[in-house]
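I have placed the structure first, in the form of structure tokens, so that the comments after it can refer back to it.
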Amino acid sequence: FYLRQKGATQSQIERSGLVVKKEEGGGSYDRFRGRLMFPVLDAQSRPIAFGGRTLKNEDAKYINSPETPAYIKGRNLFGLNLTRDEIRRQEFVILVEGFLDLIVPYQFGVRNIVASLGTALTPEQVKLLSRFARKVVVNYDGDRAGVQAAKKSIEILLAEDLEVKVLVLPENADPDEFIRKF
């Protein structure tokens, strides 16, 4: 309704990724209904996408905007718009996987951090990151999936000739859980 008031067509609204077209009966529904929203901003602080975390016990814990002309997941890093100056100052970056893995440490004062938007790290993301720091600390979740993702990320980071270290958290913790606890 709001986007219609602002002059957007139904086609534009559907292409934005904010709504999903109903299969039967026409119309559409809010893709992120019942979810905590995380705006994804590009390095210049322009909104380009959203992530949503369920507030209930659902199969899909997180859902994200689909790729659009404005948003290609593998070319962006969550939080870079807020942390790029501190990354330059400290001359290294901590790379985490998801929204809360960045937000919670940021609230506790860790300001040289970015998240890979929950996807496998891409060469484009590494090129973007390398504009701000040549040293990277990979701090993915300690579970099996996080360890596998970290291994793949290390290969991509090394291929771009970055200095890489890995921060392994105890007890399969993830960065936001660990920093809250300790």
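Structure summary
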{"item": "Test: residue in the stretch 52-74 that is surrounded by 20 or more Cβ atoms within 10 Å (Cβ to Cβ), within 22 Å of Ala173 (Cβ to Cβ) and within 14 Å of the chain's Cα centre (by Cα)", "result": "no"}
{"item": "Residues within the stretch 111-135 that are within 14 Å of the chain's Cα centre (by Cα) and of a type in the set (S, T, N, Q), tallied", "result": "4"}
{"item": "So Ala8, is it under 26 Å from the mean Cα position of the chain (by Cα) and more than 19 Å from Ile63 (Cα to Cα)", "result": "no"}
{"item": "Residue list for the stretch 88-97, filter: open to solvent by less than 20 Å² (accessible area, probe 1.4 Å) and under 26 Å from Leu55 (Cβ atoms)", "result": "Val96"}
{"item": "Members of the stretch 1-45 found to be touching a residue at least 24 places away in the same chain (Cβ under 8 Å) and either on the phi > 0 side of the Ramachandran plot or open to solvent by 60 Å² or more (accessible area, probe 1.4 Å) (or both), listed by number", "result": "Arg15, Gly17, Arg31, Gln44, Ser45"}
{"item": "Scan of the stretch 136-147 for residues that are surrounded by 12 or more Cβ atoms within 10 Å (Cβ to Cβ) and more than 17 Å from the chain's Cα centre (by Cα), ordered by number", "result": "Gly142, Asp143, Val147"}
{"item": "Looking only at the stretch 148-178, and only at residues there that are in a loop (DSSP other than H, G, I, E, B) and either open to solvent by 100 Å² or more (accessible area, probe 1.4 Å) or of a type outside the set (A, V, I, L, M) (or both), the one that is nearest to Lys135 (Cα to Cα)", "result": "Asp161"}
{"item": "Wholly within the stretch 42-97, strands (runs of 3 or more DSSP E) carrying at least 3 residues that are more than 18 Å from Phe32 (Cβ to Cβ) and at pLDDT 95 or above", "result": "93-96"}
{"item": "Some residue of the stretch 16-39 being at pLDDT 90 or above, under 29 Å from Asn112 (Cα atoms) and among the charged types (D, E, K, R)", "result": "yes"}
{"item": "Residues within the stretch 98-117 that are part of a loop (DSSP other than H, G, I, E, B) and open to solvent by 60 Å² or more (accessible area, probe 1.4 Å), tallied", "result": "2"}
{"item": "Index of the failed condition, Glu91 passing every other in (1) closer than 24 Å to Glu67 by Cβ; (2) touching a Lys or Arg at 6+ places or on another chain (Cβ under 9 Å)", "result": "(1)"}
{"item": "Single unsatisfied condition, Ala133 versus (1) assigned to a loop (DSSP other than H, G, I, E, B); (2) open to solvent by 60 Å² or more (accessible area, probe 1.4 Å); (3) touching a strand residue (DSSP E or B) at 6+ places or on another chain (Cβ under 6 Å); (4) not polar (S, T, N, Q)", "result": "(2)"}
{"item": "Which listed residue is within 11 Å of Val93 (Cα to Cα) and at pLDDT 90 or above, from Val136, Val126, Val166", "result": "Val136"}
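The values are calculated or read from the model by the stated rules, or taken from the named source; none is laboratory data. Since this is a predicted model, take the numbers as computed values, not measurements. Neighbour counts are summed over all protein chains in view; Cβ atoms, including those assigned to glycine, are modelled from backbone coordinates with ideal geometry. To get the accessible areas, we keep the full protein, side chains included, count just its heavy atoms, and leave off ligands, DNA and RNA. Shrake-Rupley method; radii C 1.70, N 1.55, O 1.52, S 1.80 Å.
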